[in-house]
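Take a look at the structure set out below.
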Amino acid sequence: MEQGKEIGRLARSLFPDGRFIPGGTNEAAAKATQAAISDPKLIVAFEATFVVGNYVAKPDILLRDGNGWRVIEVKSSLADTDQLSELIDDLTYTVMVLKRAGLKVIAAELMLICRDYRKGQATSNLFQRLNQTDAVNQRLTEFDALWDAIDKSTIGMQPTPKLVSACRSCPHFEADCLGKGIEHSVFCLPRLHKNRLAALAVDGIVSLIDLPEGFPLTDIQKRVVDCIGCGKSWVSPSLRRAFDQLKYPICYLDFESVITALPLYDNLPPYAQVTTQYSLYRRVQPDTDLEHAEYLADPKRDCEGELAQRLIEDCGESGSIVVYSSFEKTRINALAARFPELSAKLVKLTKRLFDLLRIIQNGYYHPGFGGSFSIKDVLPVMVPELRYDGLAIGDGDTAIARFAWAAMGKMSATEMEQMRKDLLVYCGQDTLAMVRVHEALMKMCGGG
């Protein structure tokens, strides 16, 4: 959200003669907009408001062009985004409302982020303006035809809810909608395809226990249904053999990274993902104590090269490296590509990786997982004494935001020091979680 605001501010800075339209209620803002655009001296308007019945549109930038206006919507997407169609839809809606309000629109543009921009360059290099007038005009006919139907459907009685993919993350689903009172919904099925979800929606099936006989399921989905049905966990007979691949010394590795629309460091493009931190636990032999190493970058400078070198040293030259998902492999490969002088050693690390997530997906399931194999869902079930809810930073999104905030220079020295402590605890918890989950699984399959 803060990045979006900053990008909007930078876009407006390219129009120094622009004038903000006063806010307030939609009606008051719309009245102020009409008064402002009737002034021939106004060349650029920011955050104007147009109201037509129940429809409201607030274009980011209006630019006077002869006897008409250019509508410019600023987005934090890259100019070569594969989501351009959705952005054009948004722009088309805005143009539709403005035209119905009586504004003469002569052009419609998207103002997007240029991938070639680098930190320190002129703000004008950050943006790329894409004229989408033709695409918008093509869609206006379709949008205009839906005006009355949408207007009618958004007033009066709440529409009948329908089971769709968005329900999975909707806070209303379990609280006061289709999922209320249902202990195990169909969203407990991992990677449920949208077409199969749609088939269940047609039949009004929300609860997993109502799944029709013969409904096509993957092996993992069937396992989930069986475990929920009997209320017991499942352990694969081959789980123990899967761990035979591990070689001592065993390391447990977790990364954190940051990705921002505006590059934090020199020579990096917008949305560059930068590895900023790792935590590594190491056990030399089954009966030895855990050793711990960690690294956290200085937010004020690009430390990826330093991190890569330290990682090579801390991982040693032999033994398995336990990770949870393919994220660490992806980031190590990215480091190898960025630092050719370290590439050979980094690639060797990827050959030693052991993905604990895959082991669990193929070898163990507990009804308490709720269809998810995320470490945040697995850990409370398998190691309930190890929790995230008491941590100052308890999830990856917060970790990213805090580090980025510090890198942008928006923290005091005291706040920075606390942030470092919190990030080290969080990343260390992620790594320790792998250790404890591994130990729990070994006990289940008789491995000590």
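Data table
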| read-out | value |
| --- | --- |
| Within the stretch 24-94, trypsin sites (Lys or Arg not before Pro) in DSSP loop having at most 16 other beta-carbon neighbours inside 10 Å | K41 |
| Linear extension gain, S326 paired with E291, 0.36 nm per residue minus alpha-carbon span | 10.2 nm |
| Solvent-accessible area, 1.4 Å probe, carbon plus sulfur percent, for the chain | 50 |
| Global form of the stretch 146-259, assessed from the alpha-carbon gyration tensor, a/c cut-off 1.5 | prolate |
| Helix axis angle, 2-13 relative to the chain longest principal axis, alpha carbon, degrees | 30 |
| Angle between the chain longest axis and helix 304-315 axis [Cα atoms, degrees, rounded to 10] | 20 |
| Rounded, prolate or oblate (a/c below 1.5 giving rounded, otherwise prolate when a/b exceeds b/c) for the stretch 211-288 by Cα gyration tensor | oblate |
| Taking the chain and dividing mean pair separation by its residue count, relative contact order in percent (alpha carbons under 8 Å, at least six apart) | 12 |
| GluC sites (Glu not before Pro) within the stretch 377-448: DSSP coil, no more than 12 neighbouring Cβ in 10 Å | E385 |
| Residue pairs, from the table K222/K329; K247/K348; K348/K421; K162/K222; K119/K329; K162/K232, whose Cα atoms sit over 21 Å apart | K222/K329; K348/K421; K162/K222; K119/K329; K162/K232 |
| The chain shape via C-alpha gyration tensor axes, a/c threshold 1.5 | oblate |
| Accessible area in square angstrom per residue, the chain, 1.4 angstrom probe | 52 |
| Loop sites in the stretch 327-386: trypsin sites (Lys or Arg not before Pro), DSSP, at most 11 other Cβ within 10 Å | K351 |
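The values are calculated or read from the model by the stated rules, or taken from the named source; none is laboratory data. What you are looking at is a predicted structure, and each value in this text was computed from that prediction instead of being measured. All Cβ positions, even for glycine, are placed from backbone atoms using ideal geometry, and neighbour counts span all protein chains on display. To get the accessible areas, we keep the full protein, side chains included, count just its heavy atoms, and leave off ligands, DNA and RNA. Shrake-Rupley method; radii C 1.70, N 1.55, O 1.52, S 1.80 Å.
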